[in-house]
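Accompanying notes for the structure given below.
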Amino acid sequence: MKTYQAVVVLGSSPDPLTWKFPPRMYACLDRARELVDAGTAPRIIVSGKWSILMQNQGIQQPFRECDVMADYLIQSGCEEGKILREGKSKDSISNLYYIKTLFLLPMNMKQILFVAPDFRIPRLRFLCRRILGSDYEISFEWVTSEIDATYDEPRTFKVQNEFLAPMEDGDHIWLADKFFSAPIYQP
């Protein structure tokens, strides 16, 4: 069995009417817990503050995504000490930047497994290459899911690709002063 130093689950915007995550988020968290329970990795990194898109629409999320994700894992039987929370990010780019700077670099973690919805894997693979760089062994496991009718994954991929075009692969320092003032983050 292949082992990793961490399993990562990135946040996802909850429904602002119920403040519940989409079912795919819970499926990702369940799979991450199963992997840790099976000894695939010693820890789970949950990542997300709230969505910059909702913030730009004036919607105030009443919690950090990483905290609700961690609480769900704990209620599902995961030991709290196995969960690392990243609670500064507001999009996928900042998810990876903060995971890298807060955990991967300081803890010298190089083998990482992402559990994500199937439709996000191509963009996540791209973002990992661009933000984390070639020093990391990154793998992906997906959960089958339906994309929300209001979510435009191809457009998001295109916009993020254009934003990161001037950056060298792995040069997270290029991003350091761009959260959350760069044009990509404006309404």
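In table form, for the structure just shown:
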{"quantity": "In segment 79-89, the residues that are closer than 19 Å to Ser12 by Cβ and touching a strand residue (DSSP E or B) at 6+ places or on another chain (Cβ under 7 Å)", "calculated": "Ile83, Leu84, Arg85, Glu86, Ser89"}
{"quantity": "Checklist (1) at positive phi; (2) over 14 Å from the mean Cα position of the chain (by Cα) applied to Gly48, failing item", "calculated": "(2)"}
{"quantity": "Matching residues in segment 131-182 - criterion: being in a helix (DSSP H, G or I), loosely packed, with under 12 Cβ neighbours inside 10 Å and among the acidic types (Asp, Glu)", "calculated": "Glu162"}
{"quantity": "Residue within segment 56-71 that is without any contact (Cβ under 8 Å) to a residue 40 or more places away in the chain, under 20 Å from Ser181 (Cβ atoms), of a type outside the set (Ser, Thr, Tyr) and touching a helix residue (DSSP H, G or I) at 6+ places or on another chain (Cβ under 6 Å) present", "calculated": "no"}
{"quantity": "Any chance Ile99 is closer than 18 Å to Lys49 by Cβ, in contact (Cβ under 8 Å) with a residue 60 or more places away in the chain and of a type in the set (Val, Ile, Thr)", "calculated": "yes"}
{"quantity": "Test: Asn95 is modelled with pLDDT under 95 and closer than 26 Å to Ala182 by Cβ", "calculated": "no"}
{"quantity": "Flag if Ala32 is among the small types (Gly, Ala, Ser), surrounded by fewer than 19 Cβ atoms within 10 Å (Cβ to Cβ) and within 17 Å of the chain's Cα centre (by Cα)", "calculated": "no"}
{"quantity": "Positions within segment 159-177 being at pLDDT below 95 and either touching an Asp or Glu at 6+ places or on another chain (Cβ under 6 Å) or of a type in the set (D, E, K, R) (or both), in sequence order", "calculated": "Asp177"}
{"quantity": "Some residue of segment 48-64 being surrounded by 14 or more Cβ atoms within 10 Å (Cβ to Cβ), over 16 Å from His172 (Cβ atoms) and touching a strand residue (DSSP E or B) at 6+ places or on another chain (Cβ under 6 Å)", "calculated": "no"}
{"quantity": "Evaluation of Glu80 against (1) surrounded by 15 or more Cβ atoms within 10 Å (Cβ to Cβ); (2) free of Cβ contacts under 8 Å to residues at least 24 places away in the same chain (one fails), failing number", "calculated": "(1)"}
{"quantity": "Within segment 141-160, tally of residues that are closer than 23 Å to Lys49 by Cβ and either among the small types (Gly, Ala, Ser) or within 19 Å of the chain's Cα centre (by Cα) (or both)", "calculated": "12"}
{"quantity": "Complete set of residues in segment 122-131 that are under 11 Å from the mean Cα position of the chain (by Cα) and of a type in the set (A, V, I, L, M)", "calculated": "Leu124, Leu127"}
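The values are calculated or read from the model by the stated rules, or taken from the named source; none is laboratory data. Everything numeric here is computed off the predicted structure, so don't read it as measured data. Quick reminder, even Gly has a Cβ in these numbers, built from the backbone with ideal geometry, and neighbours come from all protein chains shown.
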